[in-house]
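The values are calculated or read from the model by the stated rules, or taken from the named source; none is laboratory data. None of these values were measured; they are calculated from a predicted model. Note: ideal-geometry Cβ built from the backbone for every residue, glycine included; neighbour counts use all protein chains shown.
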Amino acid sequence: MATLFISDLHLDALRPEPLTRFQALLAGPARQAEALYILGDLFETWIGDDDDRPPHPEVLTALADLCATGTPVYVMRGNRDFLMGARFEAETGCRLLPDPTVVDLYGEPTLLMHGDTLCTQDLEYQTFRRQVRDPRWQSGFLARPLTERAALAQKAREGSRMATQGKAEAIMDVTAEAVVETMQAHGVRQLIHGHTHRPAIHRLVLQSGEARRIVLGDWYQTDSVLVLDERGPTLTRVADVVGTRPTIAAPRARPGSAQITRS
C-alpha cells in the first residue's frame, strides 16, 4: 500500500471544487492507503475549534468517516489553520502532528513540515508567525466571540494578500541554507513539505550524502497529491489518483510502516 500526502488545500465555502475533490479522495483512494498526511493549510481559515462555518462541518464529517475505516490520518497545522486543537482531534479521529515531525516511511527517516519556517528571508512573515504562535496571543484571540474572530481573520487575509503582491518570489520561497541546516539537524535525507505552492522533487547533497526534498502543491489549480511507497515518490493530481488509482493496492492489514519516531 502507499502513503498519501497533501497540503495547502485552503478549503473554503467560496471554492467548492477543491472540497469536492477532497471528499472524493477521502471516500476512495484514501481508504486503501497506508495513511494520509495533511501537511498544513487544510482550511483557508480556522479561527478555533468552535469554528462551525461552512465547509468545516462537512470536512470534519468526511475525515471522521475516513478514520472510522481504519486509515490513520495525520494533520499538521499550517499558517492558516494553526489554531486546530483537541476538539478537532476528538471530532475527526485525526492526530495532530507537531511541526516539524520525523517519521519512518518504508525504512527512510523522513522530516515532515508545513514549510513556512524554511522561508527565512520573509522576515515580516516570520515576525507574524512568532506572534500568532504565542500561547498568550492565542488565548486572547480565542476568548473573543466567533464573529469578531472571523472579522479579524478576514482583515488579516486581506493584509496578507496585499503584502504578498509586493514581495519578490524568492523571498516567499524556502532558502537553501535553511533546508540543509534543518535536514542535517534532524538527521534525515528526505524532507516533505508544502506552503510554497511549488510542487517538485529536488535533489540535494548533505554531509550524510544525497538527499531529496519533496514539495507538495496547492489545491488552487493543481490539486496536488504525493503517492509514496517502497518504490519511491510520485507527485500527481487528485483527479488522476481518484480516476485510475495508479499505485494504491487493495486494503490489507497495516504493518505500521509510517511510524512516528521523533519531532
Worksheet item: Which residues, taken from the range 11-33, are part of a loop (DSSP other than H, G, I, E, B), out of contact with any Leu (no Cβ under 8 Å at 6 or more places or on another chain) and in contact (Cβ under 8 Å) with a residue 60 or more places away in the chain?
Response: Gly28
Item to complete: Could you please give the count of residues in the range 107-130 that are in a helix (DSSP H, G or I) and in contact with a helix residue (DSSP H, G or I) (Cβ under 6 Å, 6 or more places away or on another chain)?
Response: 1
Item to complete: Among what's in the range 36-91 and is part of a strand (DSSP E or B) and of a type in the set (Phe, Trp, Tyr), pick the residue that is nearest to the chain's Cα centre (by Cα).
Response: Tyr37
Worksheet item: Which of (1) in a helix (DSSP H, G or I); (2) surrounded by fewer than 20 Cβ atoms within 10 Å (Cβ to Cβ); (3) at pLDDT 95 or above does Val179 not meet, given it meets every other one?
Response: (2)
Worksheet entry | Search result, residues across the range 183-203 that are more than 16 Å from Asp173 (Cα to Cα) and in contact with a strand residue (DSSP E or B) (Cβ under 6 Å, 6 or more places away or on another chain) | Met183, Gln184, His186, Val188, Arg189, Gln190, Arg203
Worksheet item: If you go through the range 143-155 one residue at a time, do you hit one that is within 25 Å of Pro199 (Cα to Cα) and surrounded by fewer than 13 Cβ atoms within 10 Å (Cβ to Cβ)?
Response: no
